[in-house]
Structures are given as structure tokens and as C-alpha cells.
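First up is the structure itself, then whatever we jot down about it.
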Ligand SMILES: Nc1ncnc2c1ncn2[C@@H]1O[C@H](COP(=O)(O)OP(=O)(O)OP(=O)(O)O)[C@@H](O)[C@H]1O
Ligand SMILES: N[C@@H](CCO)C(=O)O
């Protein structure tokens, strides 16, 4: 459960008085998610999401995240919209945390996605990449190579508690990725965390994307590799080539990948697996016992990393290496 910060009804009502959102009728904490605190609010008008931004969100990044949602929604992408306060500001404060009200998006996330859903996710990611063009605030990816090295420095001495031999393996991996990380691939605004719980469906139809709080500027194909990792492996750790093919074809039906992007996919996927391994490892080692949050398994991402390290070409992902 991720309700890190509690709120009182009195404080909430004072906070809501700064918006044109009707009268509060009920509110409850949302158990899902690991990063921020979310509440579902019912009012005499529309339902709303209240987000209190927690440890990994820098307050200075919030204009990027909130502005991006507005930019994408203006360009037809279905995503939540931050609501302005009466003074025009998108950001306020509640219980000592930066806080925003966000429009409620209909839909549910899928526990057991199939290939047809992966195809839709690929297409939606490509649409997001195109809709992100022209967004004028920049945010470098804080969780790319340099960020990985500093995260690793915080965990490395305890890494072998999770699996023997990890210290050497990850140090070697970081050296490899540092030496071979692609440069000059097409870049733009990426979501950077488009996992199952951040994509809503109504029936089999994708109804919207949420949680833009890792969004940043980076290589577009890196975002594709994040989705391959998040959507195309089974619980037993096996890569599902049918899902991978569907996701990549879905993406390319909107934005074909160049030959350079296709060739780089294995190393990008290796890097994105390392990124989620490292944040999960850090949380695994630092989250106190009894904390009301379900810790995510770092080893799941280590297995994915090892899979990509053995991939020889994109044919292993289920598509040809020729640009579509
Ligand atoms: N705009 C929205 N409309 C409807 N439900 C939402 C919305 N935003 C968040 N939620 C609900 O809150 C949950 C957690 O939200 P979110 O994924 O943004 O949290 P998080 O802590 O940042 O999560 P993560 O662990 O994915 O980074 C979602 O799974 C969804 O149920
Ligand atoms: N999607 C991330 C958690 C949110 O940042 C993970 O599964 O590790």
C-alpha cells in the first residue's frame, strides 16, 4: 500500500477551497503504486485524484510533469489533466507535501495482458512520443547511466545479500553499458515507466496513460525497451515473443523505428532492465520492515537483463531488423 502521507479532512477541505471542484463528499487512500501518495476524492462534481508527491519526485520537476500532461492532452492523448487552482497555479501543498489535483481517468489496468493489448500499448507509446514533440520544458533523464552509477554506489556493499556474486556482475554490467551506450538516436519526451499499472483499458480498448512522474527527455527507443521489459515477459521469466512482436508492430504502425534504433534495442533493453533492477534493489535494501508498501522484486529485472545480454539481434524479439 502506498499512502505515505496521511491527511485530515479539515486540511483537505481547506486545500480544496482553492479550486472550483464542488463540495467534498468522500475520500479514500489508494493502495496501488509505490512512488507517491494518491487519494480518490468524490465531490458534488467529478471524481478526482489527489496526489501528494513523495521522496523520488523533485519539486522543481513538477512543472515539467504537470505541464507535460497538459501538452499531451491538448494534442489528443488521453491522460489525466492537472486542475488549476483559482489563482492559476497547478501545484499546492497539503500535509507538508507538494500536492496536485488530477482529473480521474476511467478504466482499469490489466493484470493479465495479452498480445492484442501489447499491440495497443506499443501504438499508444508511439502516439505519446509524437504528441510530446514541441513540449518546451526539458528534463534530462535522472535515471540513465550517471543515475545508475550513483544508485549502485548506494547499494553495492549490500547487493550480495540479495544474490551472491551480484557485486561483480553489476559492476561489470555498468562498465559494459557505459562503454557501449548508444548516442545520437532519435530523442524526445519519453514516459519512462509505462508498466501495466500505468495503462488503463475499458474492455480490450486502451483508454489512457497515467503516471508521468518519471517522464523526461531521452532516446525514444529506450522507452520502447522499457515497455518490452514491462509487458512481454511471463511470470516464469520467459520472454513472450508473440507479445514482443505485437508491441513492436503496434509501435511501428504509428512511428516506424529506424535501422539504428532497431539495432540498438538489445542494449537499450539491457540498460532499462538494469534501471528497474537498481531502483528496486535500492528500495529492497532501504524500505523498513513493516512499511505499508509492497516491495518489488529486483531479481525479476536481473533475469530480464541476463536475457537481453544474450540477445544477438532484434529477430530474437520477434521482428525483422529491417525498418518497417
Ligand atoms: N488520473 C487517475 N485516474 C484514475 N485513477 C488513477 C489516476 N491516477 C492514479 N490513479 C490510481 O492510483 C493508482 C496509483 O497511481 P500511480 O501509478 O500514479 O502511483 P505511483 O505511486 O506513482 O505508482 P507507480 O508505482 O506506478 O510509480 C493507479 O494504479 C490508479 O488506480
Ligand atoms: N514501475 C516501477 C515502479 C514505479 O517506479 C517498477 O516496477 O519497478
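Summary of values
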| quantity | calculated |
| --- | --- |
| Unmet requirement for residue 312, which otherwise passes all of (1) more than 17 Å from residue 143 (Cα to Cα); (2) away from ligand 1 (no atom under 16 Å from the Cβ); (3) in a helix (DSSP H, G or I) | (3) |
| Within the range 196-214, considering residues that are within 16 Å of ligand 2 (Cβ to nearest atom) and under 12 Å from residue 125 (Cβ atoms), the one surrounded by the fewest Cβ atoms within 10 Å (Cβ to Cβ) | 198 |
| Scope the range 230-249; condition assigned to a helix (DSSP H, G or I) and within 16 Å of ligand 2 (Cβ to nearest atom); matching residues | 230, 231 |
| Qualifying position, being under 30 Å from residue 6 (Cα atoms) and out of contact with any helix residue (DSSP H, G or I) (no Cβ under 8 Å at 6 or more places or on another chain), among 151, 143, 202, 105 | 105 |
| Single unsatisfied condition, residue 46 versus (1) touching a strand residue (DSSP E or B) at 6+ places or on another chain (Cβ under 9 Å); (2) free of Cβ contacts under 8 Å to residues at least 60 places away in the same chain; (3) assigned to a loop (DSSP other than H, G, I, E, B); (4) under 29 Å from residue 295 (Cβ atoms) | (4) |
| Selected residue [surrounded by fewer than 24 Cβ atoms within 10 Å (Cβ to Cβ), farther than 30 Å from residue 70 by Cβ and modelled with pLDDT of 95 or more] from 238, 187 | 238 |
| From 255, 303, residue being farther than 16 Å from residue 56 by Cβ and within 16 Å of ligand 2 (Cβ to nearest atom) | 303 |
| Members of the range 24-40 that are at pLDDT 90 or above and near ligand 1 (Cβ under 8 Å from one of its atoms) | 30, 36, 37, 38, 40 |
| Residue ID - surrounded by the most Cβ atoms within 10 Å (Cβ to Cβ), chosen from residues in the range 41-75 that are within 13 Å of ligand 1 (Cβ to nearest atom) and over 20 Å from the mean Cα position of the chain (by Cα) | 48 |
| Only one of 211, 193 that is under 22 Å from residue 131 (Cβ atoms) and free of Cβ contacts under 8 Å to residues at least 60 places away in the same chain | 193 |
| Residue in the range 263-275 that is within 16 Å of ligand 1 (Cβ to nearest atom), more than 25 Å from residue 322 (Cα to Cα) and in contact with a helix residue (DSSP H, G or I) (Cβ under 9 Å, 6 or more places away or on another chain) present | yes |
| Some residue of the range 316-323 being touching a residue at least 12 places away in the same chain (Cβ under 8 Å) and within 16 Å of ligand 2 (Cβ to nearest atom) | no |
| Where residue 251 falls short, out of the listed (1) crowded, with 23+ Cβ neighbours inside 10 Å; (2) in contact with a strand residue (DSSP E or B) (Cβ under 9 Å, 6 or more places away or on another chain) | (2) |
| Inter-residue pairs, beta-carbon under 8 Å, first on the phi > 0 side of the Ramachandran plot and in the range 18-38, second within 16 Å of ligand 2 (Cβ to nearest atom) and at pLDDT 90 or above, 6+ apart | 33/197; 33/211 |
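The values are calculated or read from the model by the stated rules, or taken from the named source; none is laboratory data. Every value quoted in this text rests on a predicted model; they were computed, and no experiment measured them. Cβ sites come from the backbone with ideal geometry, for glycine too, and all protein chains shown count toward neighbours.
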